[in-house]
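Q: Mind having a look at this structure? Questions to follow.
The values are calculated or read from the model by the stated rules, or taken from the named source; none is laboratory data. These figures come from a predicted structure and were not determined experimentally. Positions of Cβ are generated from backbone atoms using ideal geometry, with glycine treated the same way; all protein chains shown enter the neighbour counts.
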Ligand SMILES: Nc1ncnc2c1ncn2[C@@H]1O[C@H](COP(=O)(O)OP(=O)(O)OP(=O)(O)O)[C@@H](O)[C@H]1O
Ligand SMILES: Nc1ncnc2c1ncn2[C@@H]1O[C@H](COP(=O)(O)OP(=O)(O)OP(=O)(O)O)[C@@H](O)[C@H]1O
Ligand SMILES: [Mg+2]
Ligand SMILES: [Mg+2]
């Protein structure tokens, strides 16, 4: 059958949680990117932020004999045995955002969460004033990205700046509204807060929302990760200090590129990282453009 | 009853206002623990923080009194708020946006009502189904993405009239409406009767299905308003916002004395329940209690508050009995 | 009643097994839609996937029948499982680890039981408090971190006996235990009576508080076992695992015909409810339905299933009437 | 039919699962008259009334009011047609106060729809004053006894002026003669005002005191409708049960044995005071008194449903502490409550499960329920008590009121205790079955059981008891031996 010369490969993308805005963005980007590959037929599954659910989905995908399974793990170690089963079943595997290390025969594409936070932490090292009061907003407990980013801040910033006091640290579960609630209380409890250190942009934006228009907090510093449309705008307005772009587009592009290589048997195993560009007021315009092009703004 | 001694008097107060005394105690202790607690700013802050879930709790109270329930309010809030934001971005009309939120939330609640009355689905299942459907619809509408740059839409949640922030104004207004409905209208009294004994209510000539439907519609109006305030407060359209709010609303309502067996509950009690949770969260944050420890303490204190309330209520029944002669 | 026609016979079957027919329908439709559905491997997969929440649902069924409730099962599962994993890592003993999980979960449920019986806290509040406390304790224990490299602990959830995965074996065993308790023991009968009319149960000499306590203890055993399987299946000790499982367990139980008004429900119904949800999720994933649309469909079908069940039950009342002469 | 007919039912049919409750009923109620409906338990009386009141809908047949065809599909509709009803299974909202109960479903409101609490209070006060009742307006119904509630329901029904058709389904099942006389005065005045009253009762003498017309139902069919004058008690009974029935109490002389229960100066915080009495094996003891005298309260305290402040309870010579129902049941003492809805039945469970509930251990072998034995015992018991039910697996809630009462009685028979505390045991039970129950009591006494019966029906007490204690306002005011029994003597002590 000459017309169908090219074989169609079935690819399963098992997302961490479609309700989480970054994960949704990544899934959307991957779908879009896959449309450029005629030999790839991509299906997206939603892990709903639950390890148990995600593991079930991986099992299902194996049973259904996909040619390639891409896992965006909710929690790397929890998915490890299931990822291993993928390889055992002779199915190609990519782990991404974040990779599960050390699976023989499995490939990976990642932006390193530790590095994402480390690059902004390094900036903060210089910017945060002497004896500053800072507040810290964390992602969900047990979440790989949440804990890696927090580790980076610990090692790259807090360990080097013993003068800085953490006057409040809470878990806001990546959510803007939860972060607002904490920030409102911290503002009451403290004379001044010099910086908001947040493990993602949503929470940083929430905290900033609270001090919006308050002249006392005109100079408050704030750091996030993700480079969401909102964060980029805040940086442009001069209200947010910096964030690391975790570009879903870049990830998606790379993932599909690797996918194609794997399914067509051009390579057997590959590990690759995308960069961690920092967004600040100096380079913000290009990221605004990026988001506008994507229809996010 | 003639020679009421001071001790007696106090014990009567204690019995009548059990959970209210818990609130007062919490208030006093918090003031002592942290000097920032008692500032006008902080108290305003707390009121604003609890306003959205308490508005939901008012609806929940009305429903639970009637033997109903709403698990979908968080999701419907998100859907209604999101569509409202998006209509605002398209038209620029605040009024239209406000109306859209209410229409959407009422629509969802009419479906809840139809499932419960016409199809006799248990409210738990009916509203659980709506919870999934509304959330799915909200996420589908924006494909999981947030809507930003909502401009003047923020007046609903971030503005203030005089010194009073708008969310608090809505909170107070809806509280009064709830109190009025429950205490002073036929609808309210019918709902108590329905929740207290549905068959008896039917036998008294109350049109039970219509009243239940009305209860859901009122709830819908409240949820719609909460949706507007929520999106306005977070300055975005979040399809995934307000997850778990149904639990918080239920908790305020139940701590405030609303009973799942139906027929019991008040607007005032719900406010007290909401403030107990609000004070507790606030003081723990002011003091800087570790997140995990906070959860443990919160659980413990909520249980203690309700235990205390139940105990004093029991005492009340006993001492009233003594007056039968 | 003599000349029962075929149509009649069918309508009788339909009436008696309303929700079971929904399940069959779903099964048949799914098999037709997707050829992978009907494979042994896929069906095993589904059973394994629903095993944990169904084990919780069995406990929930026992409790709801008795007019009780457990919102804490997800959190207690996490705490019990976590401590079990950590004991295993310390001692290397699978048996000890298993026992620890059960002891911890039973302990938490004894506290639930004490709050509900001795302090007369509404089960909703008592177990909501426990939900917060157990989760807080689990997170505090590992400071929010996950425990990895759990070695042989995985046999509980990833192993299998013969062709049957261990989670399914536990699922079946606990199902049988639940059925037996409810159907064939004094405890079961008492629990139905307590849920059906607590005051009458008291007046019949049933030690209501003791039975309620026993119901919580049984629930505790189930939750403990679920905790072991969960951690083993996810290959880690997750203090933040199993969030929201209480809702899933409740859903299976209620779809299966357990009624919040108490006194009604069966183990078999719960299994059916669990499989309806399980099949639904599975077939939608097999077909590759968009996640958001899935939520909408799931909500809709759950509502329809229950509506259908209620309707046929009502028809039963009506058509049986016709046969009386 | 004459113009005087207010309500007319034509060819009414109604079925429930397993029973044809009503079969082609034609029935009418005239203005200014009292139409009494009688029949055995499960004959279909309540069902017929519930159809008139819109709680059930007839399968076929028509209802006419003032000769106009009407469709009554809900109690709301019924109310619009001027129908008000006192239900047999008193249906009330436990959390509601005495005051609000009077206006439930009918709250007076101001022009703006605001409930007028002042008016409610005033109305309630007036009603209670007029009837000479002194209930606290803020008491919740759940804190009242079932007889109090019955009184209040009666007051409510007759004070609701808009009603032209008033249905009373066994309104006197829990109240005593004094209150019944008051009720009859009310009914007569209503009759004079041209209202139609439909009245259901199992108390034969009562029926003949008040009836203008009498209709008898049997197994869902109408067997007779006649003016009172053309009937007498024997005829009505034989129409009801299909055979003649002697109206003698099956009292036998039984040798009185040891003292089984002794109660010494039992006190409960101002509810009852210094209660002293005893019961011997083979003895049937009666407790008499007016509504609210405290008889039920004494029984509840003995059984462990309420706590008492001081006093001694001695069973078989052993002093026992009753803190819960287990204590009394374990010591062989059980209580049948007057409030079967609240303390008697588990509505959503089957006749079988209800019957064996209090004595499950009897059916347990190796931790497992013995189904066959259970079924045998229950079927035998249902036969003995003449329980009318489609099957023993039917939910109790589907039985008629009287049959529910029999199931509750059966439960205690299965338990086989030494001491029976029976609070209004024949409440709502038809004449035929009543005598069966009396026979049963006699048989129990013969087996050396001690029976303590609270009853508001004096003939029953006089007919069945060996001794009668009379209570008034929480105190025992006297004890009568069988030879001294008379209505006058009892009433004298009862009013204090
Ligand atoms: N809701 C119901 N569901 C099923 N069967 C019912 C229901 N209500 C009544 N029945 C049946 O209908 C028949 C007539 O009952 P009904 O209550 O009218 O009797 P009744 O004459 O009022 O008896 P009683 O003197 O005991 O009150 C009985 O056999 C009863 O079991
Ligand atoms: N839980 C309660 N709270 C307040 N008052 C009560 C409660 N239970 C009973 N009473 C009151 O106690 C008094 C005694 O009632 P009880 O039921 O013992 O009377 P009784 O002699 O049995 O008459 P009957 O059974 O005919 O009502 C009544 O006035 C009743 O209203
Ligand atoms: Mg009846
Ligand atoms: Mg009494």
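Q: Sort out for me the helices (runs of 4 or more DSSP H) sitting completely within the stretch D:354-462 that have 3 or more residues that are in the same structural domain as residue D:327 (by TED's automatic domain parsing) and in contact with a strand residue (DSSP E or B) (Cβ under 9 Å, 6 or more places away or on another chain). So that I can check it myself, show each step before the final result.
A: Numbers: elements: D:371-385, D:401-415, D:431-446.
Result: D:401-415, D:431-446.
Q: Moving on. Just to be sure, is residue D:388 within 18 Å of residue D:240 (Cβ to Cβ), away from ligand 2 (no atom under 16 Å from the Cβ) and within 14 Å of chain C (Cβ to nearest Cβ)? Please lay out each step first, then the result.
A: On the way: within 18 Å of residue D:240 (Cβ to Cβ): yes; away from ligand 2 (no atom under 16 Å from the Cβ): yes; within 14 Å of chain C (Cβ to nearest Cβ): yes.
Judged against the criteria, residue D:388 is a match.
Q: I'd like the full set of residues that are under 18 Å from the mean Cα position of the chain (by Cα), closer than 11 Å to residue D:199 by Cα and more than 7 Å from ligand 1 (Cβ to nearest atom), limited to the stretch D:29-56. Show your work before the answer.
A: Just the residues of the stretch D:29-56 that are under 18 Å from the mean Cα position of the chain (by Cα), to begin with: D:36-47, D:49-50.
Filter once more, so that each one left must be closer than 11 Å to residue D:199 by Cα: D:36-38, D:45-46, D:49.
The answer is D:36, D:37, D:38, D:49.
Q: Would you check which residues across the stretch A:215-226 are over 25 Å from residue A:22 (Cα atoms) and touching a strand residue (DSSP E or B) at 6+ places or on another chain (Cβ under 7 Å) and list them?
A: In the first step, residues of the stretch A:215-226 are kept if they are over 25 Å from residue A:22 (Cα atoms); the result is A:215-220.
If the condition is that a residue be over 25 Å from residue A:22 (Cα atoms) and touching a strand residue (DSSP E or B) at 6+ places or on another chain (Cβ under 7 Å), then A:220 is the only one that fits.
Q: State whether one or more residues within the stretch D:377-392 are more than 16 Å from the chain's Cα centre (by Cα), surrounded by 19 or more Cβ atoms within 10 Å (Cβ to Cβ) and within 11 Å of ligand 1 (Cβ to nearest atom).
A: Yes, because at least one residue in the stretch D:377-392 is more than 16 Å from the chain's Cα centre (by Cα), surrounded by 19 or more Cβ atoms within 10 Å (Cβ to Cβ) and within 11 Å of ligand 1 (Cβ to nearest atom).
Q: Still on this model: What residue, among those in the stretch D:463-473 that are part of a loop (DSSP other than H, G, I, E, B) and at pLDDT 90 or above, is nearest to ligand 2 (Cβ to nearest atom)? Break it down stepwise before answering.
A: Residues of the stretch D:463-473 part of a loop (DSSP other than H, G, I, E, B): D:465-466, D:473.
Now drop any that are not at pLDDT 90 or above, which leaves D:465-466.
Values: D:465: 16, D:466: 21 Å.
Across the stretch D:463-473, the extreme among qualifying residues is D:465.
Q: Of all residues in the stretch C:132-162, which are within 23 Å of the chain's Cα centre (by Cα) and crowded, with 22+ Cβ neighbours inside 10 Å? Before the answer, list the steps.
A: Start the filter on the stretch C:132-162 by keeping residues that are within 23 Å of the chain's Cα centre (by Cα), which leaves C:132-135, C:138, C:154-161.
Correct list: C:132, C:133, C:134, C:135, C:138, C:156, C:157.
Q: Does residue C:178 satisfy being part of a helix (DSSP H, G or I), more than 14 Å from chain B (Cβ to nearest Cβ), in contact with a helix residue (DSSP H, G or I) (Cβ under 7 Å, 6 or more places away or on another chain) and within 21 Å of residue A:59 (Cα to Cα)? Walk me through it before giving the result.
A: Working: part of a helix (DSSP H, G or I): yes; more than 14 Å from chain B (Cβ to nearest Cβ): yes; in contact with a helix residue (DSSP H, G or I) (Cβ under 7 Å, 6 or more places away or on another chain): yes; within 21 Å of residue A:59 (Cα to Cα): no.
In short, no.
Q: Among the residues of the stretch A:188-204, is any touching a residue at least 60 places away in the same chain (Cβ under 8 Å) and facing chain B (nearest Cβ under 10 Å)?
A: Initial filter on the stretch A:188-204 (touching a residue at least 60 places away in the same chain (Cβ under 8 Å)): A:193-200, A:202-204.
Next, only the ones that are facing chain B (nearest Cβ under 10 Å) stay: A:202.
Among the residues of the stretch A:188-204, at least one is touching a residue at least 60 places away in the same chain (Cβ under 8 Å) and facing chain B (nearest Cβ under 10 Å), which makes the answer yes.
Q: What's the total number of residues in the stretch D:36-68 that are crowded, with 21+ Cβ neighbours inside 10 Å and within 16 Å of ligand 3 (Cβ to nearest atom)?
A: 18
Q: Sticking with this one: Got a sec? Which strands (runs of 3 or more DSSP E) wholly within the stretch D:1-119 have at least 1 residues that are touching a strand residue (DSSP E or B) at 6+ places or on another chain (Cβ under 6 Å), more than 14 Å from chain B (Cβ to nearest Cβ) and more than 16 Å from ligand 4 (Cβ to nearest atom)?
A: So the answer is D:5-16, D:19-30, D:33-39, D:60-65, D:68-70.
Q: Follow-up question, since we're still on this one. Suppose the filter is crowded, with 24+ Cβ neighbours inside 10 Å and assigned to a strand (DSSP E or B); does residue A:167 pass it? Don't jump to the end; show me each part of the working.
A: On the way: crowded, with 24+ Cβ neighbours inside 10 Å: no; assigned to a strand (DSSP E or B): yes.
Considered against the rule, which asks whether it is crowded, with 24+ Cβ neighbours inside 10 Å and assigned to a strand (DSSP E or B), residue A:167 comes out as no.
Q: Cβ-Cβ under 7 Å, sequence separation 6+ or interchain: first residue in the stretch D:199-211 and under 16 Å from residue D:456 (Cβ atoms), partner within 16 Å of ligand 2 (Cβ to nearest atom) and in a helix (DSSP H, G or I). Which pairs?
A: D:206/D:180
Q: Condition test on residue D:185, is it more than 24 Å from residue D:399 (Cα to Cα), surrounded by fewer than 22 Cβ atoms within 10 Å (Cβ to Cβ) and not assigned by TED's automatic domain parsing to the domain that holds residue D:472?
A: yes
Q: Sort through C:51, C:75 and tell me the only one that's under 26 Å from residue C:132 (Cβ atoms) and buried (at least 18 other Cβ atoms within 10 Å of the Cβ).
A: Details: C:51 fails: under 26 Å from residue C:132 (Cβ atoms).
On inspection, the qualifying residue turns out to be C:75.
Q: Next up: Quick check on residue B:285: is it more than 11 Å from chain C (Cβ to nearest Cβ) and surrounded by fewer than 24 Cβ atoms within 10 Å (Cβ to Cβ)?
A: Numbers: more than 11 Å from chain C (Cβ to nearest Cβ): yes; surrounded by fewer than 24 Cβ atoms within 10 Å (Cβ to Cβ): yes.
So residue B:285 passes the test.
Q: Go over the candidates A:120, A:135 one by one and state the one that is modelled with pLDDT of 90 or more, part of a strand (DSSP E or B) and crowded, with 22+ Cβ neighbours inside 10 Å. Before you say what the answer is, go through the steps one by one.
A: Working: A:120 fails: part of a strand (DSSP E or B).
Result of the check over A:120, A:135: A:135.
Q: List the helices (runs of 4 or more DSSP H) inside the stretch D:255-345, counting only whole elements, that have at least 2 residues being within 13 Å of ligand 4 (Cβ to nearest atom) and away from every other protein chain (no Cβ under 14 Å).
A: On the way: elements: D:295-303, D:325-330, D:340-343.
Here the list reads D:295-303.
Q: Look at residue D:338 and say whether it is within 23 Å of residue C:193 (Cβ to Cβ) and at pLDDT below 90.
A: Details: within 23 Å of residue C:193 (Cβ to Cβ): yes; at pLDDT below 90: yes.
The answer is yes for residue D:338.
Q: Scan the stretch B:155-166 and tell me whether some residue there is part of a loop (DSSP other than H, G, I, E, B), more than 30 Å from residue B:211 (Cα to Cα) and within 11 Å of chain A (Cβ to nearest Cβ). Full working, then the answer.
A: Filtering the stretch B:155-166 down to residues part of a loop (DSSP other than H, G, I, E, B) leaves B:159, B:162-163.
Narrowing the set further to residues that are more than 30 Å from residue B:211 (Cα to Cα) leaves B:159, B:162-163.
Those left that are additionally within 11 Å of chain A (Cβ to nearest Cβ): none.
Taking every residue of the stretch B:155-166 in turn, none turns out to be part of a loop (DSSP other than H, G, I, E, B), more than 30 Å from residue B:211 (Cα to Cα) and within 11 Å of chain A (Cβ to nearest Cβ).
Q: Now a separate question. Read through the list (1) without any contact (Cβ under 8 Å) to a residue 24 or more places away in the chain; (2) under 23 Å from residue B:269 (Cα atoms), then give the number of the only condition that residue B:197 fails.
A: Result: residue B:197 passes all but (1).
Q: Name the residues in the stretch D:93-102 that are crowded, with 20+ Cβ neighbours inside 10 Å and over 11 Å from residue B:190 (Cβ atoms), would you? Working first, answer last.
A: Within the stretch D:93-102, the first condition is being crowded, with 20+ Cβ neighbours inside 10 Å, and the residues that meet it are D:93, D:95-96, D:98-102.
Of everything in the stretch D:93-102, those that are crowded, with 20+ Cβ neighbours inside 10 Å and over 11 Å from residue B:190 (Cβ atoms) turn out to be D:95, D:96, D:98, D:99, D:100, D:101, D:102.
Q: Kindly establish whether residue C:259 is within 17 Å of the chain's Cα centre (by Cα) and not in a loop (DSSP other than H, G, I, E, B). Steps first, answer last, please.
A: Working: within 17 Å of the chain's Cα centre (by Cα): yes; not in a loop (DSSP other than H, G, I, E, B): no.
In short, no.
Q: Can you tell me which residues in the stretch D:1-19 are out of contact with any helix residue (DSSP H, G or I) (no Cβ under 8 Å at 6 or more places or on another chain) and within 15 Å of ligand 1 (Cβ to nearest atom)? Full working, then the answer.
A: Initially, the stretch D:1-19 is screened for residues out of contact with any helix residue (DSSP H, G or I) (no Cβ under 8 Å at 6 or more places or on another chain), giving D:1-6, D:8, D:10-11, D:13, D:19.
Within the stretch D:1-19, D:13, D:19 meet the criteria.
Q: Right, residue D:451: within 14 Å of chain C (Cβ to nearest Cβ), crowded, with 21+ Cβ neighbours inside 10 Å and more than 16 Å from ligand 2 (Cβ to nearest atom) or not?
A: Values: within 14 Å of chain C (Cβ to nearest Cβ): no; crowded, with 21+ Cβ neighbours inside 10 Å: yes; more than 16 Å from ligand 2 (Cβ to nearest atom): yes.
Judged against the criteria, residue D:451 is not a match.
Q: Only residues that are part of a helix (DSSP H, G or I) and either surrounded by fewer than 22 Cβ atoms within 10 Å (Cβ to Cβ) or more than 8 Å from chain B (Cβ to nearest Cβ) (or both): list them for the stretch C:109-123, please.
A: Quick first cut of the stretch C:109-123, residues part of a helix (DSSP H, G or I) only: C:109-117, C:123.
Scanning the stretch C:109-123 gives C:109, C:110, C:111, C:112, C:113, C:114, C:116, C:117, C:123.
Q: Next question, about the same structure. Hey, among D:410, D:433, D:445, which residue is touching a residue at least 40 places away in the same chain (Cβ under 8 Å) and over 20 Å from the mean Cα position of the chain (by Cα)? Give the derivation first.
A: Working: D:410 fails: over 20 Å from the mean Cα position of the chain (by Cα); D:433 fails: over 20 Å from the mean Cα position of the chain (by Cα).
Selected residue: D:445, the only one of D:410, D:433, D:445 that is touching a residue at least 40 places away in the same chain (Cβ under 8 Å) and over 20 Å from the mean Cα position of the chain (by Cα).
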